[in-house]
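A quick write-up on the structure given underneath.
The values are calculated or read from the model by the stated rules, or taken from the named source; none is laboratory data. It should be emphasised that the depicted structure is a prediction, and the values quoted were computed from it without experimental measurement. Cβ sites come from the backbone with ideal geometry, for glycine too, and all protein chains shown count toward neighbours. Ligands, DNA and RNA are excluded from the accessible area calculation, which covers all protein heavy atoms including side chains. Shrake-Rupley method; radii C 1.70, N 1.55, O 1.52, S 1.80 Å.
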Amino acid sequence: QVHLVESGGGLVLPGGSLRLSCAASGDIFGHFTMGWYRQAPGKQRELVATITGDGRTNYADSVKGRLTISRDKAKNSVYLQMNSLKPEDTAVYYCNLEYGWDDYWGQGTQVTVSS
């Protein structure tokens, strides 16, 4: 079993920054992809960014140049540095881990961008 625990959400002014963290625990070994997804009220969950075991990244067009994903393989952790935040970034952010045929999700952390 794999468990993901997110932290770092909150309320921030437009143009501000936040850093999300996600720590994975359980029986996971080798290479696997981790990522961040988000779901705004009334909308479907969407990809924000992913990072593979060898460090290749993929971003949604809407966040390129503002959000940066990184990982610490030794800690089985993934991070999302969010700069120049906009009101449209408001959503619940979910950490994801792809391991073999399985997908694991965190409980989500709320990010609200508002003045």
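For the reader, a short list of remarks on this structure follows.
- The set of residues from the range 71-115 being open to solvent by 50 Å² or more (accessible area, probe 1.4 Å), part of a strand (DSSP E or B) and of a type in the set (S, T, N, Q) comprises 81, 110.
- Those residues of the range 48-92 which are touching a Leu at 6+ places or on another chain (Cβ under 8 Å) and at pLDDT below 95, in sequence order: none
- When the range 35-47 is filtered for residues that are part of a strand (DSSP E or B) and either of a type in the set (D, E, K, R) or modelled with pLDDT under 95 (or both), the ones remaining, listed by number, are 38, 46.
A quick yes/no check of all residues on (1) under 16 Å from residue 107 (Cβ atoms); (2) of a type in the set (Phe, Trp, Tyr):
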position	(1), (2)
2	yes, no
8	yes, no
31	no, no
34	yes, no
55	no, no
59	no, yes
78	yes, no
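- Members of the range 7-34 found to be surrounded by fewer than 16 Cβ atoms within 10 Å (Cβ to Cβ), of a type in the set (Ser, Thr, Tyr) and not in a loop (DSSP other than H, G, I, E, B), listed by number: 7, 25
- Residue count, the range 52-67 (criterion: over 17 Å from residue 12 (Cα atoms) and part of a strand (DSSP E or B)): 3
- Among the residues examined, residue 68 qualifies as under 15 Å from the mean Cα position of the chain (by Cα), under 18 Å from residue 111 (Cα atoms), surrounded by 12 or more Cβ atoms within 10 Å (Cβ to Cβ) and hydroxyl-bearing (Ser, Thr, Tyr).
- The range 47-62 residues that are open to solvent by 20 Å² or more (accessible area, probe 1.4 Å), paired with ones that are at pLDDT 95 or above and part of a loop (DSSP other than H, G, I, E, B) (beta carbon under 8 Å, 6 or more apart): 47/60
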